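A.B. asks: Submitted below is the structure of interest, expressed as structure tokens.
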Amino acid sequence: MEQYYQKEIETASREQLKAWQDERLVRQVRHVWDNVPYYRKKMEEKGLTPEDIKSTGDLHKLPFLSKADLREAYPYGLLATPLEDCVRIQSTSGTTGKRVVAFYTQADIDIWEDCCARAICAVGGTKKDVCQVSYGYGLFTGGPGLNGGSHKVGCLTIPTSSGNTERQIMFIRDLSATILCCTPSYAAYIGETMKSMGLGPDDIPLKAGIFGAEAWSEEMRRDIEATMGIKAYDIYGLTEISGPGVAFECSAQSGMHINEDHFIAEIIDPDTGEVLPEGTQGELVFSSITKTAFPLLRYRTRDITTLTREPCPCGRTHVKMTKPRGRTDDMLIIRGVNVFPSQIETVLLNHGYAANYQIVVDRVHNTDTLDIQVEMTPEMFTDNLGEISQRQEALVGGLRSMLGLAAKVTLVEPKTIARSEGKAVRVVDKRKI
Amino acid sequence: MAIKQISVFLENKPGTLLKMTGVLAENKIDMRALSLAETKDFGIVRLIVDDVYTASTVLKDKNFISILTDVVGVLIPDEPGGLDKVLRVLAGANINVEYMYAFLGGRNIHRACMIFRVGDARAAENALGTWGIKILSQDEIASF
């Protein structure tokens, strides 16, 4: 039996959703025009007034916002309500440059937490569940978002935040946590720690995990599911748009439903900015149409994904996005070839290695070098040097066919690549360009 | 009868071997024999120790990856032709030697021990035994 948090909204007809979006977009454009001089100026530069936006069909006329705009307008330039009406700020995790701050009114927090509550219900969560939130709390949206969603569903919430992994496992076991929320790399680390403590899937009561805030592969999903004996679900979000819960996976585990009553999604060509037809891969762009304090229109996420409106067996009608292949700024360009860390991870797991790796890019004599450091595992180790080398060569071959370029593989000792309690540092780029 | 060798994965860079010997020293493990096989980036250290169980446990606790491999320990007189005789027996029995290494003397300077990694340890022991060549047990190696 599929669980919903707001069934009427999550399963509304496409016509109803379109009607909500049209009305809310028109109102939001007016709100921004009236209150955000920064965006008004951008509209004026394009010769637009709020009257030009009559429905979602006119959305493509509006100017884009990018991370550069957010930095330029830092801290208050995109604020659309008086500061005294705001109750919270959150900030980006700063993995890709200067921090960005987002503001929330109480109503904005409620929207965000509703979205997270939908995600928890979609994995089967009810008030009878015990939900352990092992995302970081603080400026990062992961902890506060899922914490709020868990409260709304009525789960008993364990706010462990990240870190102290053995204690995490102790709480999971002692308090019978059934749902775990954290980054996928931390979930993998908790699983690894469980193993080293001699604990298997039957030793923990968890049934589901909600793992997001970084790109991860299907292979990693299967690994985590097997280690913990759970179903692992993806969740998507970004601080600029609200936080986790902008989109979430349902029981079908085949893409994430975007909460379209709050956020309108478009896919554009990242080079030309042109809107692409549904089903085409491109950069995801969001317009938040219900938030009041920090309402971004046509914000370029830099995430590469595809949208689909094919009917979902879960009954939800909201559009689904595929797992992002990575942010455009996670994407490495090596010898002119686009490389996503998630592709490398897929090959590693397919060859029997674990997802403990680091990608080191350098430039030697004007040529880019790609070195993938992979931890040796007990399963991949033998007393036979030739066999280890053969496996290493097979991995190099697998990487070459996946990436279309040669990579070096260095096998390193276990636990030598730093473990992450939040977002994993997968790439070390030493190129000085 | 075969004896247990501990094979440890190490990166080929300064200090890694030291890190491992440090763990063994702290735990008072006595190494009877040691051999290294390496590539440019990594290597395998193969050890014969006096206390296999403790050594593999403490190495695992310190995050080393190791496995146990069956090898054959053969006692040979430390004199010309000693090894030749043993290899003849193995070749005669059509047993392939993957690798081998020696340690001399121990507490008696007139003998040597060769460690053989072969495809079939039992067949090797039988063949050597037939020719009266002394095979060492785990206990004998520990106190060699």
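A.B. asks: Per-residue mean of other chain beta-carbon atoms within 10 angstrom of the beta-carbon, peptide B:7-20?
C.D. replies: 3
A.B. asks: Something else now. Looking at chain A, what % of its DSSP beta bridges pair antiparallel, to the nearest 5? Don't skip to the answer; put the middle values down first.
C.D. replies: Working: 39 of 63 bridges.
Of all bridge pairs located within chain A, approximately 60 percent are antiparallel.
A.B. asks: Using alpha carbons only, how many angstrom separate the centre of segment A:65-82 from the centre of segment B:75-98?
C.D. replies: 80
A.B. asks: Still on this structure: Which of rounded, prolate, oblate describes segment A:1-154, given a ≥ b ≥ c as roots of the alpha-carbon gyration tensor eigenvalues and a/c under 1.5 marking rounded, otherwise prolate only if a/b is larger than b/c?
C.D. replies: In terms of gyration-tensor shape, oblate.
A.B. asks: For peptide A:382-391, what's the mean number of Cβ atoms from other chains within 10 Å of each residue's Cβ?
C.D. replies: What the average comes to for A:382-391 is 5.
A.B. asks: Determine the shape class of segment A:295-433: with a ≥ b ≥ c the square roots of the Cα gyration tensor eigenvalues, call it rounded for a/c under 1.5, and otherwise prolate if a/b is greater than b/c, oblate otherwise.
C.D. replies: Prolate, because a/c is 1.5 or more and a/b exceeds b/c.
A.B. asks: Follow-up. Antiparallel as a % of all DSSP beta bridges within segment A:285-423, to the nearest 5?
C.D. replies: 75
A.B. asks: While we're looking at this one, here's another question. Sorting A:Tyr4, A:Tyr353 on the 10 Å Cβ count, fewest up front, what's the list?
C.D. replies: A:Tyr4, A:Tyr353
A.B. asks: Moving to a separate point now. Treating cross-link reach as a plain straight distance, find the aspartates and glutamates whose alpha-carbon is under 15 Å from the alpha-carbon of A:Lys7, omitting any fewer than eight places away in the same chain.
C.D. replies: Leaving aside aspartates and glutamates fewer than 8 places away in the same chain, those within reach of A:Lys7 are A:Asp114, A:Glu260, A:Asp261.
A.B. asks: Rounded, prolate or oblate, given the Cα gyration tensor of segment B:53-144, with a/c below 1.5 counting as rounded?
C.D. replies: oblate
A.B. asks: To two decimal places, what compactness ratio does segment B:22-82 give when its Cα radius of gyration is scaled by 2.2 N^0.38 Å?
C.D. replies: Compared with the compact-globule rule of thumb, segment B:22-82 sits at 1.34.
A.B. asks: Could you pull the Cα extents of segment A:108-212 along its three principal axes, largest to smallest, in whole Å?
C.D. replies: 43, 28, 18
A.B. asks: With the contact rule set at Cα under 8 Å and sequence spacing of 6 or more, what percent relative contact order holds for segment A:326-390? Don't skip to the answer; put the middle values down first.
C.D. replies: Working: 61 pairs, mean separation 14.9, N = 65.
Relative CO of segment A:326-390 lands at 23 percent.
A.B. asks: Also, quick follow-up: Going by how many other beta carbons lie within 10 Å of each one, how would you line up B:Thr130, A:Thr306, fewest first?
C.D. replies: Placing the least packed residue first, the sequence is B:Thr130, A:Thr306.
A.B. asks: Here is a follow-up. Please compute, for peptide B:37-49, the average count of beta-carbon atoms on other protein chains lying within 10 Å of each residue's beta-carbon.
C.D. replies: 3
A.B. asks: Taking only the alpha-carbon atoms of the protein assembly as shown, what semi-axes of the equivalent ellipsoid follow from 5 times the gyration tensor eigenvalues under a square root, in whole Å, largest first?
C.D. replies: Here the semi-axes work out to 60, 25, 20 Å.
A.B. asks: Something else now. Say R0 is 25 Å: what FRET efficiency, to the nearest 0.05, do A:Ala394 and B:Lys62 get from their beta-carbon distance?
C.D. replies: E between A:Ala394 and B:Lys62, to the nearest 0.05, is 0.30.
A.B. asks: Would you mind ranking A:Thr301, A:Thr367 so that the residue whose beta carbon has the fewest other beta carbons within 10 Å leads the list?
C.D. replies: Going from sparsest to densest Cβ surroundings: A:Thr367, A:Thr301.
A.B. asks: Go ahead and set up a Gaussian network model of chain A, Cα springs under 10 Å, then flag whichever of A:Gly138, A:Gly336, A:Gly243 fluctuates most.
C.D. replies: Result: A:Gly336 has the largest fluctuation of those listed.
A.B. asks: Next question. Could you tell me which of the pairs A:Lys46/A:Lys323; A:Lys41/A:Lys67; A:Lys195/B:Lys40; A:Lys430/B:Lys60; A:Lys18/A:Lys127 are separated by over 27 angstrom between their Cα atoms in the structure shown? Write down the numbers at each step before the final one.
C.D. replies: Working: A:Lys46/A:Lys323 33 Å; A:Lys41/A:Lys67 17 Å; A:Lys195/B:Lys40 31 Å; A:Lys430/B:Lys60 33 Å; A:Lys18/A:Lys127 32 Å.
Distance filter (> 27 Å) returns A:Lys46/A:Lys323; A:Lys195/B:Lys40; A:Lys430/B:Lys60; A:Lys18/A:Lys127.
A.B. asks: Now for a separate question. Could you tell me how far the Cα centroid of segment A:102-131 sits from the Cα centroid of segment A:187-265, in Å?
C.D. replies: If you average the Cα positions of each part, the centres end up 15 Å apart.
Only the coordinates and a few stated rules stand behind these numbers; no lab work does. Note that the structure is predicted; figures quoted are calculated from it, not measured. All Cβ positions, glycine included, derive from the backbone under ideal geometry; neighbour counts span all protein chains shown.
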